[in-house]
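Every number here is computed from the coordinates shown, using simple stated rules; none is lab data. Treat the numbers as computed from the prediction; the structure is a model and nothing was measured. Using ideal geometry, Cβ is built from the backbone for each residue, glycine included, and neighbour counts are taken over all protein chains shown.
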């Protein structure tokens with residue numbers, strides 16, 4: 001049994017590549033079903049955010065290429081397009097990676113809490129689709145538990161700065177005073193909610209929220225006093241916006257160069273600050289070529305993330321110790337699963353022997369045979385039946401390590417035989433111990 005994590009993130013791949021490898025919320029169920037059609041993949045979950053796309057899977061055999069091959073096939077990519085940017089983590093390394101990601105240790109902004117919620121959503125989706133099982137269920141349960149422990153026992157989450165916060169911090173570098181600015185938010189997901197909350201906390205009150213579903217804008221209206229509009233109304237409101245923040249699940253750009261050109265003309269070339277937090281991008285990159293249009297993407301935000309870096313790095317050192325210990329625990333559990341089929345078969349076989357001998361003993365008792373004689377015969381027969389296959393196997397061995405293993409397996413410390421042959425010695429000791437325990 002093996003676990004594997006394959007993906008790319010903000011550190012390994014530029015935005016253009018991440019866009020091409022992204023899996024949207026709408027296509028995620030189909031992607032999971034398509035991935036688990038591959039016979040090598042027993043279980044799978046896909047995490048896809050603006051900063052990363054990662055596949056976590058359970059494989060019966062260590063086939064590291066199956067996921068990268070699937071990514072290329074699913075997204076119609078050439079292997080040369082994506083392979084240089086992919087990372088692969090097998091087994092314990094995959095477990096450690098999952099723990100680090102959920103804890104914010106692998107984020108663009110160390111300690112940001114948003115990724116944990118995104119990971120929980122990714123797992124919930126996979127679980128609903130039936131693409132997780134015993135192994136990934138345990139992995140993600142442990143992942144969330146480790147993330148909670150790290151956040152509660154280290155300073156990694158103290159004063160954490162999210163990507164949304166970084167976007168707002170960047171706006172303060174463009175405008176001297178943002179409190180009187182008008183903000184247009186496009187989308188109503190978690191990222192936009194975080195942006196809105198940070199803006200509101202900075203004193204901004206002129207907020208317009210644009211979304212395809214008006215129902216999802218309700219929270220912004222009640223909590224932040226935002227004015228809701230539909231996406232089709234964007235052209236009428238762009239010219240009034242000093243700042244635009246966008247993060248939707250659209251596969252195509254929502255705001256084009258022409259729309260911003262028109263808005264700037266209406267604003268008499270008054271500056272516009274635009275932040276595209278979506279992957280794939282919501283705002284056409286060509287907008288950045290326009291004079292007085294300041295366009296930033298998620299990759300640009302890395303340059304403005306600097307608060308509390310030292311304290312977070314110190315917390316990472318503490319967190320790594322937790323990650324190491326808990327990943328070892330998980331791998332021990334995973335390794336133990338290998339023994340389950342053998343133990344199940346052993347119990348089934350011994351139960352069958354017991355049933356057979358018990359039936360014979362009961363028939364003798366009903367026939368009036370002496371109970372003590374019946375019990376002795378029953379115990380002796382059990383010992384003989386239980387010992388037959390191990391004894392025959394040991395007689396064919398000529399390996400001291402296997403003899404030592406047999407002594408450990410049957411708990412023979414303190415049980416010694418005078419037989420000269422190692423095979424006979426171990427066999428006799430096993431027989432003697434089994435017989436003694438049957439008598440008691």
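Among (i) 24.3; (ii) 30.9; (iii) 22.5, find the value of mean projected area of the Cα convex hull in nm² that was calculated from the structure presented, and write down its label.
Read-out taken from this structure: (ii).
How much length, in nm to one decimal, is gained on full extension between residue 350 and residue 324, taken as 0.36 nm per residue of separation minus their Cα-Cα distance?
Using 0.36 nm per residue and subtracting the Cα-Cα distance, I get 5.4 nm.
Given the DSSP H assignment, sum -39500 (n - 2.57) over each helix run of at least 4 residues in the chain and divide by its residue total; what's the result at 222 nm in deg cm²/dmol, nearest 500?
Helix contribution divided over all residues of the chain: -17000 deg cm²/dmol.
Sort 186, 207 so that the residue with the fewest other Cβ atoms within 10 Å of its own Cβ comes first and the one with the most comes last.
Details: 186 30, 207 21.
Listed from fewest to most nearby Cβ atoms, that is 207, 186.
GNM, the chain, Cα, under 10 Å: largest mean-square fluctuation among 333, 393, 70?
So, out of 333, 393, 70, the one fluctuating most is 393.
Kindly express, to the nearest 10 degrees and within the range 0 to 90, the angle between helix 400-409's C-alpha long axis and the longest C-alpha principal axis of the chain.
Approximately 80 degrees, to the nearest ten.
Comparing 219, 354, 148, which has the greatest mean-square fluctuation in the GNM of the chain with Cα pairs linked when under 10 Å apart?
Among 219, 354, 148, the largest mean-square fluctuation in the Gaussian network model of the chain belongs to 354.
Order of 54, 190, 266 from fewest to most other C-beta atoms within 10 Å?
Details: 54 25, 190 16, 266 12.
So the residues, fewest neighbours to most, are 266, 190, 54.
With a point put 7 Å past each Cα toward its Cβ, work out how far residue 252 is from residue 393 in nm, to one decimal.
Each label point lies 7 Å from its Cα, and together they span 6.4 nm.
Using a 10 Å cut-off around each Cβ, can you sort 150, 322, 260 from fewest to most neighbouring Cβ atoms?
Ranking 150, 322, 260 by Cβ neighbours within 10 Å, fewest first, gives 322, 260, 150.
What does a probe at residue 317 reach in the stretch 68-104, counting residues whose amide N is under 20 Å from the point 7 Å along Cα→Cβ?
100, 104
Report, in degrees rounded to the nearest 10, the 0 to 90 angle that the Cα long axis of helix 65-75 makes with the longest principal axis of the chain.
30
In percent, how large is the relative contact order of the stretch 50-167, given Cα pairs closer than 8 Å and 6 or more residues apart?
Here the relative contact order equals 27 percent.
List the relative contact order of the chain as a percent without decimals, with contacts defined as Cα pairs under 8 Å and 6+ residues apart.
Result for the chain is 13 percent.
Work out how much length residue 266 to residue 93 would gain on full extension: take 0.36 nm times their residue separation and subtract the Cα-Cα distance, in nm to one decimal.
My answer for the length gained is 56.8 nm.
Write down the percent of antiparallel bridges among all DSSP beta bridges whose residues are both part of the chain, to the nearest 5.
45
Relative to the longest principal axis of the C-alpha atoms of the chain, give the angle of the C-alpha long axis of helix 257-266, reported between 0 and 90° and rounded to the nearest 10°.
The helix 257-266 is inclined about 40 degrees to the chain.
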